[in-house]
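Undergrad: One structure is given below, represented as structure tokens, and several questions about it will come after.
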Amino acid sequence: MSAKDTLIAEAKKWEGYLEKASNSQLDDYTANAGSANYTRFAVDYCDYFGESISVYQAQPWCAMFVSVMFANAFGADIADEMIYGHYAYCPYAVTHFKNNGAWHSSPQVGDIIFFGSSGTATHTGIVYAVDSAKVYTVEGNTSSASGVVANGGAVELKSYSLSYAKILGYGRPNWSLAESVTEYTEINDIIWELAHRNIISNTDMWLTKCAEDSNIYWFCRKLCQYIRTKQTGETADSAYTDINDIVWDLQYRGIVTDTALWTDYCNRDINVYYLLQKGLHYCRTY
């Protein structure tokens, strides 16, 4: 799978996610739906890029969605370079792409599309396909209604005429930076990698758990990608054993977001506890 395919697969998987009415159930696609702009993407954005959640949560999130999709796929550091700086405000990104000679009037698959009027960008998304008449996009904070819809509250797949007046242009990521860290999405690849690093041993059990429980799949996937892109050379003297310490550190690293969920998992399933404990210790010592 190419880097572009990896990004597009990642973004499309969020189709149907609805923003929340409050800072609750952020990981669920449809629960607690509302119009208050609370999302898991704001949490991930701040975790990945060191920003303040008090500033970005409950704010329009189309740009954060794009930045997080690149970080989910390639790691935060690579993503930041690829898109010439993470962004939560569309005009900043347009300026950065233009300043780096990466602004285009015609789209390619994997480009970042920008919409607006009077030359000011107000909405953004990811191009997943292009044909002779239309450009096809994945967008956060939009709706299924035709035409550009900023602050629409959902992740949706959309399409526009290539001549649509509200398209300002396209930012082209530096794809050469992504090829070496393309994220694993297949369960077999993820479990093999974790076993190869001696984080797990019973591969059959974890293949089954990932297939049956999307939360466990996403944890294993994010842990695997963190390890492959965030090798910091830490030298922890001992492994954490307290569940609260383990879950807090994993949240700090952006590997989990819902601490209550994972505390409950650890209390209910000793295998999950040891997965988190060993996975975290690997992160702290590799």
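The values are calculated or read from the model by the stated rules, or taken from the named source; none is laboratory data. On a predicted model such as this, the values are computed, not experimentally measured, just so you know. Cβ coordinates were reconstructed from backbone atoms using ideal geometry, including for glycine residues, and neighbour counts include every protein chain displayed. Surface accessibility is based on the protein's heavy atoms, side chains included, excluding ligands, DNA and RNA. Shrake-Rupley method; radii C 1.70, N 1.55, O 1.52, S 1.80 Å.
Undergrad: Check cross-link reach from LYS12 to the lysines: straight Cα distance under 20 Å, and skip same-chain residues fewer than eight apart.
TA: Excluding near neighbours in sequence, the set is LYS4, LYS20, LYS134, LYS158, LYS222.
Undergrad: Charges only on Cβ, +1 for Lys and Arg, -1 for Asp and Glu: so what's the dipole of the range 137-286 about the Cα centre, in debye to the nearest 20?
TA: The calculation lands at about 500 debye.
Undergrad: In square angstrom, rounded to the nearest 10, how much accessible surface does ARG268 have for a 1.4 Å probe?
TA: Answer for ARG268: close to 150 Å² accessible.
Undergrad: Oh, and also: Determine the share of the chain's accessible area contributed by carbon and sulfur atoms, expressed in whole percent, with a 1.4 angstrom probe.
TA: 46 percent
Undergrad: Taking the Cα centre of the range 107-218 as origin, sum charge times position over the Cβ atoms of Lys and Arg (+1) and Asp and Glu (-1), and report the length of that vector in debye to the nearest 20.
TA: It comes to approximately 540 debye.
Undergrad: Lys/Arg Cβ at +1, Asp/Glu Cβ at -1, dipole of the chain taken about the Cα centre: which of GLN25, GLY279, HIS96 is farthest positive-ward?
TA: So the residue furthest toward the plus end is HIS96.
Undergrad: From the C-alpha gyration tensor of the range 157-252, pull out the three semi-axes of the equivalent ellipsoid (sqrt of 5λ each), sorted largest to smallest, in whole Å.
TA: Equivalent-ellipsoid dimensions as semi-axes: 35, 19, 15 Å.
Undergrad: Let a ≥ b ≥ c be the square roots of the eigenvalues of the Cα gyration tensor of the range 35-143; is it rounded (a/c under 1.5), or, if not, prolate (a/b larger than b/c) or oblate?
TA: Prolate, since a/c reaches 1.5 and a/b exceeds b/c.
Undergrad: Next up: By accessible area of protein heavy atoms, probe 1.4 Å, what ranking do GLU81, GLU212 get, highest first?
TA: So the residues, ranked largest to smallest area, are GLU212, GLU81.
Undergrad: According to the Kirkwood expression over distinct Cα-Cα pairs, how big is the hydrodynamic radius of the chain, in Å?
TA: Radius from the Kirkwood sum: 19.5 Å.
Undergrad: Counting only the heavy atoms of the protein chains, how much of HIS86 is accessible to a 1.4 Å probe, in Å² to the nearest 10?
TA: Number for this one is 50 Å².
Undergrad: Determine the per residue accessible area of the chain with all protein chains present and a 1.4 angstrom probe, expressed in square angstrom.
TA: I get 43 Å² per residue for the chain.
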